[in-house]
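Take a look at the structure below.
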Amino acid sequence: MGNFAANEGLSVFVILVWLGINAYLFVQFYMNFLTERWFYTRVLLGDALSWARAPAACLNFNCMLILLPVCRNLLSFLRGSIQCCSRTAARQLDRNITFHKLVAYMIAFHTAVHIIAHLFNFEWFMGAQLYRNSSSLPFVLSQIGTGDNASYLNPIRTDQTNPTIVMFTTIAGLTGVVITLALILIITSSMEVIRRSYFEVFWYTHHLFIIFFIGLVFHGFGRIVRGQTATSLLENKPSQCKDQFESWGMNGTFCPKPEFAGNPPMTWKWVVGPMILYVCERLVRFYRSQQKVVITKVVMHPSKTLELQMKRKGFSMEVGQYVFMQCPCVSQLEWHPFTLTSAPEEDHFSVHIRIVGDWTQGLYEACGGDKNETQEAWKLPKYVLECRANIFYDPVPLTILRMAIDGPFGTASEDVFGYEVVMLVGAGIGVTPFASVLKSVWYKHIQENQNVFTKKIYFYWLCPETQAFEWFADLLQSLEGQMTEKGMVDFLSYNIYLTRWKETEAAHFRVHHEAENDPITGLKQKTLYGKPNWDNEFTTIGTKHPEKKVGVFLCGPTQLADVLEKQCLSHSEAGVKFIFNKENF
Amino acid sequence: NGKIEWAMWANEQALAAGLILLTGGIVGVAGQFRDREFAAYSIAAGVFVCLLEYPRGKRNKGTSVERTGQYCFTVCVKSFGPLTRNYYVRAFLHAAICVPGGFILAAVLGCVCLGIASLIYLAAAIRGEQWEPILPWKESARKPVGESIKLPPQNPPPRPPAEMRRKRAEDLEAAAYVNPIAVTANDD
């Protein structure tokens, strides 16, 4: 429970504050337009005026916020400064994309309210011009300012038009349509189906945000929302003059014609700061992309996985972090995130990239995709020479594939090392950060000057199919070999669960199930089929390690998180305590 | 690998357009706007587009994710055969549907969104994409059995966990399989 409060409490608090500010702005600006100054405007529009202005204020607020969570370098800098105070607070900054999406949904919601209110506004503005009867206050109000075209109230100046035409011929209307379209295209291309399968479409369409922000800033320049001027209010008080509208301005009356003006545009004040910060962010990314990254080794794993080992001057990482990679040879614009699979103790950093989309496929080919052995980087094929740069890197000059790295990002998962006994659960591709953890723990052990607190690791890998095994199996096999050499066979205990299989594979298992090494992975401990019986596992571990704190770490789907969390709670009785850490990955 | 199937995006865009047409139409009718016959049309057009676009098509490569409860819509849409399978037809249909929406403000946004969806469908059609229904998995045609499998397997796949695999003498009923030879208590 304490864990939950620590992990979730701050997020919930931030969300509540954000919702609170939205509600406050909405109500405040709704009421701002109920004042005397807007009396005549409301004669034409009623409450639709307030219903349009309130979400507009919220839109200013949310559009200001939306750029901030994606300034990953800024956030990284902030996180670094906060981390010394509180790791939990630092971890909140990793939820940046979640917050970005929430703000986006809020923008979509307020846009809808704003547009619907404006539909009514346009309709009633038009109606006021069409009902041409000088005994109608709306009509009289609409006629004001016909001469000077400055003091008018009704932005629809004539009855010889229709709302659609007006929309396309006013700054507010035109920018409104353009930015709403941009927003809709951004949203439809960001749906999970599209984003996960066709990242390029998502990424490029998302850049419509540039048009969105430009249009947003100009949206209010036409000053189309008009209220009575201060001087006019002194002479024509609506409460006194509203019923004498048929004789406004005539000789011998007290009430002159009221005059109106629009509010100056406000949006730029809200968004200019974040826009500048975002430009800085892109400049930082560009600067980092110019720093030389050397690929020292390329390994093609059979499971359509590409391993790249790289070096960059001054690069330092911690376990569980990720980097963004750009390969100008494949695409000038795209940056893609990958978890680091190397340990901080190694002299290089590495990523394992699954070939699933256009960009990864392009990278695969640029690295000499047809070969399936380990390659020294200088052996890469000639046809991609145009992507090459020659650099001098200690001790040998190399011809390298140009690559840019931004990062590392993410909170370090050092918590793992704070437990004497650790359960690591990785589902499918979620095993990737654990490669880094396992290697690092091992390095810490063999560097004997370090006293490693962690004495036992239980590792569970749940995988739907065998093909993605190979590189991780290599890692486990090599660790297994090294542990046997050091006489530490009991340090790591792992279980691989195949949660799905094909008939042909099942036939093979049947024949070979007695072999000491598992036929699939060649690992001594057998691959198991189906899902783990968590109750048994937790009970066994609890019995083996009484009076200890066991850290449970998961990288996988939320359903599994719920299951594990429940197991932790139900098995933490007298003695052993299971502590579920959900947030590290 | 993930070569873009434009139809997936066109589908999202068209569905959004349908919802926007529907909303605009409802506002026009409920608000009693002038020219509300166009608003009524917008409601009808919106509903039609939503019904047509709700069932996702099957992807050429990769797993197709269904929308919740889309099966009945899939069956409906499938029954129109080539009219719904062909994306040229859809592109043209959406282009035609969106035109009357341009006549009232409340439907303009939906109209433009649908027009964009129509263009994306056109791109999909040019690339040869088609709408295939996502139907419940059926046994695929059996491939010829390889030579190596001559004897029937001893145990049925998939194998239950080790502790359940052995038939225990005291509890024959609970075992997962039947053995031709009688089981005796063994030395574990």
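None of the figures in this text is laboratory data; all of them are computed from the coordinates on show. Every value quoted in this text rests on a predicted model; they were computed, and no experiment measured them. All Cβ positions, even for glycine, are placed from backbone atoms using ideal geometry, and neighbour counts span all protein chains on display.
So here's what we get for this one:
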{"item": "Spin-label model distance (nm) - A:Glu235 vs A:Gln160, 7 Å beyond Cα toward Cβ", "result": "3.0"}
{"item": "Shielding by other protein chains, A:190-197, mean Cβ within 10 Å", "result": "5"}
{"item": "FRET efficiency estimate (nearest 0.05) - Cβ-Cβ, B:Ile126 to A:Thr296, R0 51 angstrom", "result": "0.70"}
{"item": "Shielding by partners - mean other protein chain Cβ count within 10 Å, residues of B:13-24", "result": "2"}
{"item": "Förster-model FRET efficiency, 30 Å R0, A:Thr484 and A:Asp535, C-beta, rounded to 0.05", "result": "0.45"}
{"item": "Extension reserve of the A:Gln28-A:Leu569 stretch, reckoned as 0.36 nm per residue once the Cα distance is removed", "result": "190.3 nm"}
{"item": "Length gained when the stretch A:Lys549-A:His207 is fully extended (0.36 nm per residue, less Cα-Cα span)", "result": "118.4 nm"}
{"item": "Which of A:Leu306, A:Ile214, A:Met191, positive extreme of dipole for segment A:163-319 (C-beta unit charges)", "result": "A:Leu306"}
{"item": "Residue (of A:Phe260, A:Leu277, A:Cys241) at the positive-pole extreme of segment A:225-299, dipole from beta-carbon charges", "result": "A:Leu277"}
{"item": "Shape call, segment A:295-355: gyration tensor on alpha carbons, a/c limit 1.5", "result": "oblate"}
{"item": "B:Thr84, B:Thr63 arranged by Cβ crowding within 10 Å, fewest neighbours leading", "result": "B:Thr63, B:Thr84"}
{"item": "Filtered GluC sites (Glu not before Pro), segment A:226-272: DSSP coil and at most 13 other beta carbons within 10 Å", "result": "none"}
{"item": "Nearest-0.05 FRET efficiency for A:Asp347 and A:Cys280, computed from C-beta distance (R0 22 Å)", "result": "0.10"}
{"item": "Protection-proxy order for peptides A:217-225, A:120-128, A:277-285, each taking the mean of Cβ atoms within 10 Å per residue, highest first", "result": "A:120-128, A:217-225, A:277-285"}
{"item": "Virtual paramagnetic centre 7 Å along Cα→Cβ of B:Gln32, amide N under 17 Å, in segment A:40-82", "result": "A:44-48"}
{"item": "Cβ-based exposure ranking for B:Met8, A:Met423, A:Met191, A:Met317, in which fewest neighbours within 10 Å come first", "result": "A:Met191, A:Met317, B:Met8, A:Met423"}
{"item": "Subset of A:Lys313/A:Lys439; A:Lys101/A:Lys439; A:Lys456/A:Lys531; A:Lys444/A:Lys531; A:Lys297/A:Lys455; A:Lys531/B:Lys58 violating a 24 Å alpha-carbon distance limit", "result": "A:Lys101/A:Lys439; A:Lys444/A:Lys531; A:Lys297/A:Lys455; A:Lys531/B:Lys58"}
{"item": "Inter-label distance for A:Thr499 and A:His100, nm, one decimal - labels placed 7 Å from Cα along Cα-to-Cβ", "result": "2.7"}
{"item": "Of the chymotrypsin sites (Phe, Trp or Tyr not before Pro) in segment B:28-97, those whose Cβ has at most 16 other Cβ within 10 Å and which sit in DSSP loop", "result": "B:Phe80"}
{"item": "J(HN,Hα) series, segment A:349-356, from Karplus relation 6.51 cos²θ - 1.76 cosθ + 1.60, nearest Hz, glycine and proline x", "result": "10, 9, 10, 10, 10, 7, 7, 10"}
{"item": "Least to most buried among B:Cys113, A:Cys255, A:Cys58 (fewest other Cβ within 10 Å first)", "result": "A:Cys255, A:Cys58, B:Cys113"}
